[in-house]
Amino acid sequence: KQQAENINFSIAGLLGKIPIKDTTQLYELLSFVLKLPPARAVDFIPYLHDGANLALREAAFQTALTYLFYLIECHSPEYWDKDPEACFDLFYISCETAIWALEDTKYRQLLEVLQKKAHNTYNIARLYYLQMQYANKHANYNEAITLGCKALAGMHIHIPTDPTNLQIIVALVKLNIKVGNKRIKDIEKIRTASAPADVLLLKIIETMVS
């Protein structure tokens, strides 16, 4: 077993020294990395990030989730203390990917961790948005709207409980909601906004009215 591990480590190391020119080459490298114990794969973390991002772009959610879970294992428990935002982001994207990979158990496990670590308004709203996506994926549309209302309330935008789609639109217009200095009629422009909270707000609203 140790000999096989050392061989895989050596092959991964050699492949890692060659400039990555295509997806096949990256996936080949990661096939050897995944055979290693996480403690020996720390040097390959950037490649795992690249592989996960590539798999997500290709809608290969199971593959992406495999890389993301392995990334989580590569980091020590102290990662939350060393870089809490980066760690939160890793768990968040893993949780989101679990939704699209239809891995309900993994989704719930990751969400539980995230709920214990969300300590600011933005991250709490992100978790509501995660749960909205999960509810929509399982056709629980009323639950998704309720979660959206809670997310918006945390962002100081109040909408009636259990509203209809029409009530949501009317409420948003009446509130004259602004994102940055843009009004609702300009909301499409927010897709390129630099502030993550602005983009999140747009996603929440779109999900509620879609």
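Quick look at the values:
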| quantity | calculated |
| --- | --- |
| Filtered residue count, segment 1-48, keeping only those that are under 21 Å from A64 (Cα atoms), among the hydrophobic types (A, V, I, L, M, F, W, C) and not in a helix (DSSP H, G or I) | 4 |
| Of all residues in segment 63-82 being acidic (D, E) and either assigned to a helix (DSSP H, G or I) or under 16 Å from Q109 (Cα atoms) (or both), the one that is least open to solvent (accessible area, probe 1.4 Å) | E73 |
| Count - residues of segment 147-182 that are over 20 Å from N120 (Cα atoms) and either at pLDDT below 65 or not hydrophobic (A, V, I, L, M, F, W, C) (or both) | 17 |
| Residue within segment 63-71 that is touching a residue at least 40 places away in the same chain (Cβ under 8 Å) and within 20 Å of H138 (Cβ to Cβ) present | yes |
| Test result for K35, open to solvent by 80 Å² or more (accessible area, probe 1.4 Å) and in contact (Cβ under 8 Å) with a residue 12 or more places away in the chain | yes |
| Evaluation of I11 against (1) aliphatic (A, V, I, L, M); (2) closer than 29 Å to I99 by Cα; (3) surrounded by 15 or more Cβ atoms within 10 Å (Cβ to Cβ) (one fails), failing number | (2) |
| When residues of segment 43-57 are limited to those that are in contact with a Ser or Thr (Cβ under 9 Å, 6 or more places away or on another chain) and touching a residue at least 24 places away in the same chain (Cβ under 8 Å), the one surrounded by the most Cβ atoms within 10 Å (Cβ to Cβ) | G51 |
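The values are calculated or read from the model by the stated rules, or taken from the named source; none is laboratory data. This is a predicted model, so every value here is computed, not measured. Glycine gets a Cβ as well: all are built from the backbone with ideal geometry, and neighbour counts include every protein chain shown. Ligands, DNA and RNA are stripped out before the accessible areas are found, and what is left, the full protein with its side chains, is counted by its heavy atoms. Shrake-Rupley method; radii C 1.70, N 1.55, O 1.52, S 1.80 Å.
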